Every structure is written in C-alpha cells, then in structure tokens.
1. Looking at the stretch 79-100, which of its residues are not hydroxyl-bearing (Ser, Thr, Tyr) and not in a helix (DSSP H, G or I)?
2. If GLU53 passes every condition in (1) of a type in the set (D, E, K, R); (2) touching a Gly at 6+ places or on another chain (Cβ under 9 Å); (3) more than 20 Å from PHE92 (Cα to Cα) but one, which one does it miss?
3. Go through the stretch 108-123 and give me each residue that's farther than 16 Å from VAL59 by Cα and either crowded, with 16+ Cβ neighbours inside 10 Å or in contact with a strand residue (DSSP E or B) (Cβ under 8 Å, 6 or more places away or on another chain) (or both).
4. Which of the residues that make up the stretch 50-75 are in contact with a Ser or Thr (Cβ under 9 Å, 6 or more places away or on another chain) and hydrophobic (A, V, I, L, M, F, W, C)?
5. Test VAL103 against the criterion of being in contact (Cβ under 8 Å) with a residue 12 or more places away in the chain, surrounded by 11 or more Cβ atoms within 10 Å (Cβ to Cβ), part of a strand (DSSP E or B) and not hydroxyl-bearing (Ser, Thr, Tyr), and give yes or no.
6. Residues that are buried (at least 17 other Cβ atoms within 10 Å of the Cβ): which strands (runs of 3 or more DSSP E) entirely in the stretch 1-78 hold 1 or more of them?
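The values are calculated or read from the model by the stated rules, or taken from the named source; none is laboratory data. None of these values were measured; they are calculated from a predicted model. Here the Cβ positions follow ideal geometry from the backbone for every residue, glycine too, while neighbour counts run over all protein chains shown.
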Amino acid sequence: MDTITRITTPGVPEPQGDNFSNCLRVGNQLFLSGMTAADPDADAYAQSVSCLERVKALVEAAGGTLSDVMKINVYLTDVDSRGEFSRARAEFFPGRKPCSTLVGIAALARPGLVVEVEAMAILGAGNGEG
C-alpha cells in the first residue's frame, strides 16, 4: 500500500492552524488544494498567474513538472474574467492542456481574491511534454 506524503515548498505558505494540506502525494499521484493568489489586490490575470505559480512549485517539489498535471478545477468570482485566466493557463500549459472545470462562485475565503485553482497530477505521466 502506498504511503501518503505531505509535500511542502518554501514558495507556498502552509495553511494556518494546520487545518489541511496544500499537497499530498500517494504513489505517483498528487492532490493539490485550491491555490489562491499571494496578493488579493491584484487583477484577475495576476492572481491567475500567482495561483498557477503555486501549483507549479508544489508539483516540482514533488519531483514532477506541469506536464504531469492532468486536471485542474478553477473557481472564479466573475466568470467574465475567464479570458484572463485562459491567458495565464496558456502560458503555463503551452502544449497539451490539462482537463479543466471552471465554476463561477459568489466569493472566496479572503476578500479581494477572484480565482482559486485546484490540481491533480500523475508524476511521470507527462514525460516532460507540455
């Protein structure tokens, strides 16, 4: 049976109070909690980039690459900003795109946040392809 390993990296702050994990590895699978932006005052594009940078940092800390990301779930407080998120996603996933679900929501946990991104990855599955 595979063990569960918590993945951390200095670039992604751990949740306060240790209420949940940002990233867990089980075998070659990674499960990432919703990543939000470092700056809630930034626009939707900058927040999207920040979220995806955090996803990238955790996947790399586990020994993978963004090409190993198979699925993302995106939560936007304004679905009209999906174009900004799509622009950021294209920069991080220039080749094969992961499966994706986008959901419009009323609010996120902190005021000012407009995007949150969850991810699932299978380490080694992308073989370095983008």
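1. Selection gives PHE93, PRO94, GLY95, ARG96, LYS97, PRO98, CYS99.
2. Single failed check for GLU53: (3).
3. Within the stretch 108-123, LEU108, ALA109, ARG110, LEU113, VAL114, VAL115, GLU116 meet the criteria.
4. CYS51, ALA57, LEU58, VAL59, ALA61, ALA62, ILE72, VAL74
5. no
6. Those strands (runs of 3 or more DSSP E) span 23-26, 29-36, 69-76.
Residue-wise test of (1) of a type outside the set (Phe, Trp, Tyr); (2) at pLDDT 95 or above.
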position: PHE92; (1), (2): no, yes
position: SER100; (1), (2): yes, yes
position: GLY104; (1), (2): yes, yes
position: ARG110; (1), (2): yes, no
position: VAL114; (1), (2): yes, yes
position: ALA119; (1), (2): yes, yes
position: ILE122; (1), (2): yes, yes
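A quick yes/no check of all residues on (1) farther than 20 Å from ARG110 by Cβ; (2) more than 11 Å from the chain's Cα centre (by Cα); (3) of a type in the set (A, V, I, L, M, F, W, C); (4) at pLDDT below 95:
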{"site": "THR8", "(1), (2), (3), (4)": "yes, yes, no, no"}
{"site": "GLY17", "(1), (2), (3), (4)": "no, yes, no, yes"}
{"site": "PHE31", "(1), (2), (3), (4)": "yes, no, yes, no"}
{"site": "TYR45", "(1), (2), (3), (4)": "no, yes, no, no"}
